[in-house]
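Reading through the structure tokens given below for one structure.
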Amino acid sequence: MERATFLFDLDGVIFDTEGQYTIFWDGIGRDYVGDPDLASKLKGETISQSLIRCFPEDAAMREEVRKKLYEFEALMKFEYVPGAFEFLEYLKANGFKSAIVTSSNRDKMSQVYRSRPEIRSLVNRVFTGEEFARSKPAPDCYILGMEVFGATPGNTYIFEDSFNGLEAAKASGGHVVALATTNSTEEVAPYAELVINDFSDIFHHLHDVLL
């Protein structure tokens, strides 16, 4: 019997960073585009998509904000969502295939690797926004993850938190586990088979899958 494959979004799933990004993007929204609730509209998008959305006709402004974002990310704290590190360790030790599937680009991941170098060895692959033509909510990124691992949707478990990400996960056909780290349990429940607050009780929820 084919063993399960596990695909994880990064921010709000592996690392508890969404609050930090909300502060950044709401600040950009307030100072540049007159929208103090900008962050909620961008979650799950690539940085390029977000910048084009905000400044479609102003390349210079896109580069200015991109630079501000990189400076911000260099100072970010990449703290694990409770239980995430232990769960990734378990999957690796027990031979399960796993990957991070993120809309973040390689520059952002370089910041992550400097802060958390161990993350690269905890998963089999890291897929970034440069590797798929359409970003979330399109399912391309998760379909790519399945194809690379030779996995089927019926035996793939996808962990997401943002609405764009959850839509992508659901559209891919995989089993969707929503984390209520960015949005409430009630808001994410329609997208997922299972909703969790963090990974502290994941072995109870997926006991049969993890045997």
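Bear in mind these aren't lab numbers, they're just calculated from the coordinates by the rules spelled out. Computed from a predicted model, the values in this text were never measured in an experiment. When we count neighbours, we look across all protein chains shown, and the Cβ atoms used for this are built from the backbone with ideal geometry, even at glycine.
Length available on full extension from A59 to V148: 0.36 nm per residue minus the Cα-Cα distance, which gives 28.6 nm. Start at zero, step by 5 Å, and the Cα-Cα distances of region 18-74 spread as 4, 21, 33, 32, 9, 1 percent across the bins.
Return the loop-located trypsin sites (Lys or Arg not before Pro) in region 14-107 (DSSP other than H, G, I, E, B) with at most 16 other Cβ atoms within 10 Å of their own Cβ; answer none if there are none. Those that pass, being in a loop and sparsely packed, are K77. For the chain, the C-alpha radius of gyration sits at 0.99 times the compact-globule guess of 2.2 N^0.38 Å, with N the residue count. Test of the criteria: in region 117-152, which GluC sites (Glu not before Pro) are in a DSSP loop and have at most 13 other Cβ atoms within 10 angstrom of their Cβ? Answer by residue number: E118. Calculate log10 I(q)/I(0) of region 93-167 for q = 0.12, 0.20 Å⁻¹, where I(q) comes from the Debye formula with a single equal point scatterer on each Cα and nothing for solvent. Scattering profile of region 93-167, log10 relative to I(0): -0.34, -0.95.
Farthest towards the positive end of the charge dipole of the chain, among the residues Y21, L122, M61, is the Cα of L122, using unit charges on the Cβ of Lys, Arg, Asp and Glu. Normalised by the number of residues in region 18-74, the mean separation of alpha-carbon contacts (under 8 Å, six or more apart) gives a relative contact order of 25 percent. Starting from the Cα of R106, step 7 Å toward the Cβ, then list every residue of region 38-78 with an amide N under 18 Å from that point. Under 18 Å, as judged by backbone N against the label point of R106, lie 46-49, 70 of region 38-78.
Of all GluC sites (Glu not before Pro) in region 1-47, which ones are in loop regions per DSSP and have a Cβ with at most 15 other Cβ atoms within 10 Å?
Working: sites: E2, E18, E45; in loops: E2, E45.
Here the GluC sites (Glu not before Pro) that fit, given the DSSP loop and packing criteria, are E2.
Between region 88-119 and region 153-181, the C-alpha centres lie 17 angstrom from each other.
Entry note, the chain: relative contact order of 25 percent, from Cα contacts under 8 Å with a spacing of 6+ residues. Be a star and scan region 155-169 for residues whose amide nitrogen sits under 19 Å from the point 7 Å along the Cα-to-Cβ vector of D37. The answer is 162-165, whose backbone nitrogens lie closer than 19 Å to the label point.
In region 77-136, the C-alpha radius of gyration followed by the widest Cα-Cα span (Dmax) gives 12.1, 33 angstrom. Rounded to the nearest 20 debye, the dipole size of the chain about its Cα centre is 600 debye, using +1 on the Cβ of Lys and Arg and -1 on the Cβ of Asp and Glu.
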